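Participant: Questions regarding the structure given below will be posed in turn.
Every number here is computed from the coordinates shown, using simple stated rules; none is lab data. Note that this is a predicted model, so its numbers are computed, not measured. Please note: Cβ atoms are built from the backbone with ideal geometry, for glycine as well, and neighbour counts cover all protein chains shown.
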Amino acid sequence: MTQSVVVQVGQCGNQVGCRFWDLALREHAHVNKKGLYDEALSSFFRNVDSRESDGGAHVVGGRIQHLKARAVLVDMEEGVVNEILQGPLREMFDSTQLLTDVSGSGNNWAVGHMMYGSAYREQIVDKLRKAAEHCDCLQCFFLIHSMGGGTGSGLGTRVLSLLEEEFPEVCRIVTSIYPSAEDDVITSPYNSVLAMRELTEHADCVLPVENQSLVDIVDKIKHMSHGGKPGSAIKRDSTIISGQGGLSGAEKPFDAMNNIVANLLLNITSSARFEGSLNMDLNEIAMNLVPFPRLHYLVPSLTPLYTLADVSVPTRRLKPLLPFVSWNQEGWKTGLCSVPPVGHSHALLALANNTCVKLTFMELRERFIKLYRKKAHLHHYLHVDGMEQSCFSEAISSLSSLIEEYQHLDATKGTLVPDAPRLRIAR
Amino acid sequence: MSIVTVQLGQCGNQVGHELFDIICSDALEGQRKVYSTASCERFFHQTTHGDLVARAVLIDMEPKVINQSISRAAKSGRWRYGESSHFSQKQGSGNNWANGYCVHGPRHSAVVEELVRREVERCDRLAGLMAMMSVAGGTGSGVGTYATQCLRDIYPKSFILNHLTWPYRTGEVIVQNYNSVLTLAHLYQLSDAILVHENDTVHRICSQLLNIKHISFGDVNGVIAHQLGSILQPALTADSHGVYSRNPLGDLVSGLTCHPEYKLLSVCTIPQMPSSSMAYSTFSWPSLLKHLRQMLISNTKMEEGIDWQVCPPAGSERARSFTGPSFNTSLANLLILRGKEVYSAETDGFEDPALHTSWLSSEEAFNLWKSPVPFNKYEKCATLVSNSQALLRPLDNMVGKAWNMFASRAYIHQYVKFGISEEDFLDSFTSLEQVISSYSQLS
């Protein structure tokens, strides 16, 4: 069994990460009745005997002593991480896994990426190394961050390129939260586009999540729970936004949205953690879903969002209505895992490498250009050591060419592309 | 003589387990001493305590499936796998043939060779090696190909049979066609015979003949194991002089794959029905054989939906390609009959020269094995192993799709990363186009 390390950067990254660890514990607790430290647990947790002086991790098979998350938490402000350390999950992390500062990045990508990136380079690599050394067979780094701010966006992408440098063989899956149009950070388009370039260059695959979509989903679930059709009671505890059964009690404002993202991560890793008749490893995701190295943005969708009290499951039918590129008409990769999420009898996660992402990128480009045209707020960035105007122009050009690659593929939609002529064998 | 089986990857290990399970229950059924001894000798090694230990080596790049197969075998109480006859790593091949063939294969070849050698040495005499794998993924296909290459080098005089499971046309692995093309092209040079099961076909058998509602891979693997078992269990051949043949793989290979360009073998078995219906059914050899013959000619893999309109060309038309597009021309066939009254079965229909190409006589093209012992609870069972055009269309589809994808160079960077070049792809495509051309010319 392989292990994964979660690297959570910035406020959003750490809040989502926190929900992930809570839900992961809940899921394992549900399945692991005997309190044994099994293979499934070891993929995300180490088992530490605190009596041993070096805090040595235990081998798989023994009893659970003390679980520690395989995680590195980075934030340039202390608030969020401190809250975690005072909350019910405090035992999951020890001080060697944390990196904090006090002043924050001021919603400035350059401060996060250049300033803190250089200042903390050694320490970051050191902590990542330690986390990797605790793993028997490290398969994947999960980076969680937002695109709109300064730390998650700037320092997060710096961490990404460090991961590529120091651990080139380990898969890098990035969960990026994209700001909605009404985001209250004015410079979020700059931060997002600057970060996009890094993602395109250094990530193996990216799961883009739009805040707006999360808001819509949460609203829809709340609406279904409160109103809804008569006779279809929703089980409140088993909505995807519910943290019921986890360690944290009362739910805070972004919790519902963060739970959705956490569930996404749980589902992706389920086949690698538990048994099934058609196992799917994490390295198979990139292999099957990324036909060209830069086009690695995978749109996630998750169902069910809630469990009905008396659900009758229609047989799953894959719709043949989705237009696929001519050379990949049957481009489906399937994984089957026998262990459902808590509170559900079954769940379906779909990851789509679909040209529809270009719409998100195009909107982002619009918002960027609106600001950049006026050179608004640019001086805040250019003041930072190492930051130049060319960073901006290169970033927007990278985004434009990415959009063009998607458009190029879209252009073939609906047209009848003839099969490539086959090799002919002389008789 | 004994067969050593190498189970590779998830599919190879799951199907392999089903196979040994069926063979063991068939061998231990009832009072059939000679058959039972022959079967056990062929597939199992008996410990001093009388335990049956499968002559098998289990290989995978990640541990879950092997652990499952080993524990399920042990739970059966009738047989088990050898304690140290397996090798796994922590991280799989990521559905990447190049990762399997260029990285994992060479890295672990010494261990694999050692495990196989131990099993071979436990045999009094080696009948041959059987490698079981799928072609769609990364380990079975990539590591399996590399392992076959090593075994071919170490045992140049032994028969090597590769059992391949071809994936569902859609939905398993996106790069399955690349992995399949690379595997088949390489195996063609290494293997003595390539026996193929297609998931789509077996799935139809499960749904239409066995009436299974929610078909799982367990069901699919059960059918494959049944068909494979009916080929490999002891049988009497024309040359075995009234005893069970001691050289099953040799007989199979010399009967069917006499020409290096024609190595693809397909299987069909009749009857296939839910065990609940068996008590109410009666079988007659004439009826079974008539259906089986038409299944061969019309290239139908099961006894439902047979096209009775297809018929072999009449005498004068034989010289040219006047066969209808749906007529399946055979190079060679092996018919295996098991069960009651097997000596009274008339098989003349299969000796019709119109079924085969003209370059082999009917005696050479048709092989018949019999066993009076009912197999796997079927009172009568007939299996046809064919070297014919039956796999031509699926092979052509597979190569066509892979070629289309290759034309846009999609996913190629994933393979190049591990050491396979575009040249290697082109070589594989060329080899398979050659195979397709050869089989097309049979008619």
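Participant: Quick one: which residue in A:Pro189, A:Pro179 is without any contact (Cβ under 8 Å) to a residue 60 or more places away in the chain, surrounded by 23 or more Cβ atoms within 10 Å (Cβ to Cβ) and within 22 Å of A:Ser398 (Cβ to Cβ)?
Facilitator: From the options A:Pro189, A:Pro179, the qualifying one is A:Pro179.
Participant: Which pairs turn up if I take residues in region B:276-293 that are part of a helix (DSSP H, G or I) and look for partners that are crowded, with 19+ Cβ neighbours inside 10 Å and of a type in the set (Lys, Arg) with beta carbon separation below 8 Å, at least 6 apart in sequence or on another chain?
Facilitator: B:Trp285/B:Lys380; B:Leu288/B:Lys380
Participant: Then there's this: Please state which one of B:Ser437, B:Ser428 is among the hydroxyl-bearing types (Ser, Thr, Tyr) and either within 25 Å of B:Ser93 (Cα to Cα) or more than 8 Å from chain A (Cβ to nearest Cβ) (or both).
Facilitator: Every option except B:Ser428 fails the conditions.
Participant: Still on this structure: What single numbered condition from (1) surrounded by fewer than 20 Cβ atoms within 10 Å (Cβ to Cβ); (2) within 26 Å of B:Ser275 (Cβ to Cβ) fails to hold for B:Gln233?
Facilitator: (1)
Participant: Further, regarding this structure: Specify which of the listed residues (A:Cys135, A:Cys171) is within 14 Å of another protein chain (Cβ to nearest Cβ), buried (at least 19 other Cβ atoms within 10 Å of the Cβ), under 19 Å from the mean Cα position of the chain (by Cα) and of a type outside the set (A, V, I, L, M).
Facilitator: The unique qualifying residue is A:Cys171.
Participant: Are there any pairs, at least 6 apart or on different chains, whose C-beta atoms fall under 9 Å, with the first in region B:331-355 and free of Cβ contacts under 8 Å to residues at least 60 places away in the same chain and the second in a helix (DSSP H, G or I) and aromatic (Phe, Trp, Tyr), and if so, which?
Facilitator: That search, which allows pairs on different chains as well, returns B:Leu335/B:Phe350; B:Leu337/B:Trp285; B:Gly339/B:Trp285; B:Glu341/B:Trp285; B:Val342/B:Trp285; B:Ser344/B:Trp285; B:Thr347/B:Trp285.
Participant: Now for a separate question. Kindly establish whether A:Lys34 is charged (D, E, K, R), part of a loop (DSSP other than H, G, I, E, B) and farther than 29 Å from A:Val111 by Cα.
Facilitator: yes
Participant: Taking region A:37-47 as the region of interest, how many residues are part of a helix (DSSP H, G or I) and of a type in the set (S, T, N, Q)? Step through it out loud before you land on a result.
Facilitator: Taking region A:37-47 as the starting set, the residues that turn out to be part of a helix (DSSP H, G or I) are A:39-42.
If we keep only those that are of a type in the set (S, T, N, Q) as well, we get A:42.
Count: 1.
Participant: Separate question: Please state which one of A:Ser103, A:Ser95, A:Ser153 is in contact (Cβ under 8 Å) with a residue 12 or more places away in the chain, out of contact with any Lys or Arg (no Cβ under 8 Å at 6 or more places or on another chain) and surrounded by fewer than 23 Cβ atoms within 10 Å (Cβ to Cβ).
Facilitator: That would be A:Ser103, the only listed residue that is in contact (Cβ under 8 Å) with a residue 12 or more places away in the chain, out of contact with any Lys or Arg (no Cβ under 8 Å at 6 or more places or on another chain) and surrounded by fewer than 23 Cβ atoms within 10 Å (Cβ to Cβ).
Participant: Suppose the filter is within 20 Å of the chain's Cα centre (by Cα) and not small (Gly, Ala, Ser); does A:Leu98 pass it? Full working, then the answer.
Facilitator: Details: within 20 Å of the chain's Cα centre (by Cα): yes; not small (Gly, Ala, Ser): yes.
For A:Leu98, the condition - within 20 Å of the chain's Cα centre (by Cα) and not small (Gly, Ala, Ser) - is met.
Participant: Which strands (runs of 3 or more DSSP E) does region B:49-126 wholly contain that include 1 or more residues that are of a type in the set (A, V, I, L, M)?
Facilitator: Those strands (runs of 3 or more DSSP E) span B:52-54, B:56-60.
Participant: Just need a number here: residues in region B:335-350 that are surrounded by 15 or more Cβ atoms within 10 Å (Cβ to Cβ) and not hydrophobic (A, V, I, L, M, F, W, C).
Facilitator: Of the residues in region B:335-350, the ones surrounded by 15 or more Cβ atoms within 10 Å (Cβ to Cβ) are B:335-339, B:342, B:345, B:347, B:349-350.
Still in the running and not hydrophobic (A, V, I, L, M, F, W, C): B:338-339, B:347, B:349.
Total satisfying the criteria: 4.
Participant: Can you pull out the residues in region B:84-96 that are over 11 Å from B:Gly137 (Cα atoms) and touching a helix residue (DSSP H, G or I) at 6+ places or on another chain (Cβ under 9 Å)?
Facilitator: Those that are over 11 Å from B:Gly137 (Cα atoms) and touching a helix residue (DSSP H, G or I) at 6+ places or on another chain (Cβ under 9 Å): B:Ser84, B:Ser85, B:His86, B:Phe87, B:Ser88, B:Gln89, B:Gln91.
Residue-by-condition table, conditions (1) buried (at least 21 other Cβ atoms within 10 Å of the Cβ); (2) within 12 Å of chain A (Cβ to nearest Cβ); (3) touching a helix residue (DSSP H, G or I) at 6+ places or on another chain (Cβ under 9 Å):
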| residue | (1), (2), (3) |
| --- | --- |
| B:Gly50 | no, no, no |
| B:Ala56 | yes, no, yes |
| B:Asp60 | yes, yes, yes |
| B:Ala98 | yes, yes, yes |
| B:Tyr101 | yes, no, yes |
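Participant: Does A:Pro340 satisfy the criteria of being in contact with a His (Cβ under 6 Å, 6 or more places away or on another chain) and either without any contact (Cβ under 8 Å) to a residue 40 or more places away in the chain or part of a helix (DSSP H, G or I) (or both)?
Facilitator: Considered against the rule, which asks whether it is in contact with a His (Cβ under 6 Å, 6 or more places away or on another chain) and either without any contact (Cβ under 8 Å) to a residue 40 or more places away in the chain or part of a helix (DSSP H, G or I) (or both), A:Pro340 comes out as yes.
Participant: Restricting to region A:164-222, count the residues that are under 25 Å from A:Tyr381 (Cα atoms) and of a type in the set (A, V, I, L, M, F, W, C).
Facilitator: 11
Participant: How many of the residues making up region B:1-29 are away from chain A (no Cβ under 14 Å), touching a strand residue (DSSP E or B) at 6+ places or on another chain (Cβ under 9 Å) and either outside any helix (DSSP H, G or I) or over 13 Å from B:Gly229 (Cα atoms) (or both)?
Facilitator: Number satisfying all stated conditions: 9.
Participant: So which pairs qualify, if the first residue must be in region A:269-292 and more than 7 Å from every other protein chain (Cβ to nearest Cβ) and on the phi > 0 side of the Ramachandran plot, the second must be assigned to a helix (DSSP H, G or I) and among the acidic types (Asp, Glu), the Cβ gap must be under 6 Å, and the two must be at least 6 apart or on different chains?
Facilitator: Every condition considered, no pair remains.
Participant: Give the residues of region A:344-359 that are in a strand (DSSP E or B) and surrounded by fewer than 16 Cβ atoms within 10 Å (Cβ to Cβ), sorted by residue number.
Facilitator: Across region A:344-359, the qualifying residues are A:Leu348, A:Ala350, A:Ala352.
Participant: For region A:407-424, how many residues meet the condition of being within 14 Å of chain B (Cβ to nearest Cβ) and assigned to a helix (DSSP H, G or I)?
Facilitator: Number satisfying all stated conditions: 2.
Participant: What tally of residues in region A:197-220 results from selecting those that are in contact (Cβ under 8 Å) with a residue 24 or more places away in the chain and assigned to a helix (DSSP H, G or I)?
Facilitator: 13
Participant: Moving on. Going by the structure shown, is B:Phe327 within 14 Å of chain A (Cβ to nearest Cβ) and either out of contact with any His (no Cβ under 8 Å at 6 or more places or on another chain) or not in a loop (DSSP other than H, G, I, E, B) (or both)?
Facilitator: no
Participant: Within region A:2-14, does at least one residue satisfy the condition of being closer than 27 Å to A:Thr151 by Cα and without any contact (Cβ under 8 Å) to a residue 60 or more places away in the chain? Lay out the reasoning, then the answer.
Facilitator: Of the residues in region A:2-14, the ones closer than 27 Å to A:Thr151 by Cα are A:3-14.
Remaining after also requiring without any contact (Cβ under 8 Å) to a residue 60 or more places away in the chain: none.
No, every residue in region A:2-14 fails to be closer than 27 Å to A:Thr151 by Cα and without any contact (Cβ under 8 Å) to a residue 60 or more places away in the chain.
Participant: Right, here's the next one. What number of residues within region B:69-118 satisfy the criterion of being aromatic (Phe, Trp, Tyr) and more than 13 Å from B:Thr145 (Cα to Cα)? So that I can check it myself, show each step before the final result.
Facilitator: Narrowing region B:69-118 to residues aromatic (Phe, Trp, Tyr): B:79, B:81, B:87, B:97, B:101.
Now drop any that are not more than 13 Å from B:Thr145 (Cα to Cα), which leaves B:79, B:81, B:87.
The total comes to 3.
Participant: Taking B:Leu355 as the residue in question, decide whether it is touching a Ser or Thr at 6+ places or on another chain (Cβ under 6 Å), of a type in the set (A, V, I, L, M) and over 16 Å from B:Gln233 (Cβ atoms).
Facilitator: Yes, satisfied.
Participant: Further question: Could you tell me whether region B:391-408 includes any residue that is within 14 Å of chain A (Cβ to nearest Cβ), free of Cβ contacts under 8 Å to residues at least 40 places away in the same chain and among the basic types (Lys, Arg)?
Facilitator: No, every residue in region B:391-408 fails to be within 14 Å of chain A (Cβ to nearest Cβ), free of Cβ contacts under 8 Å to residues at least 40 places away in the same chain and among the basic types (Lys, Arg).
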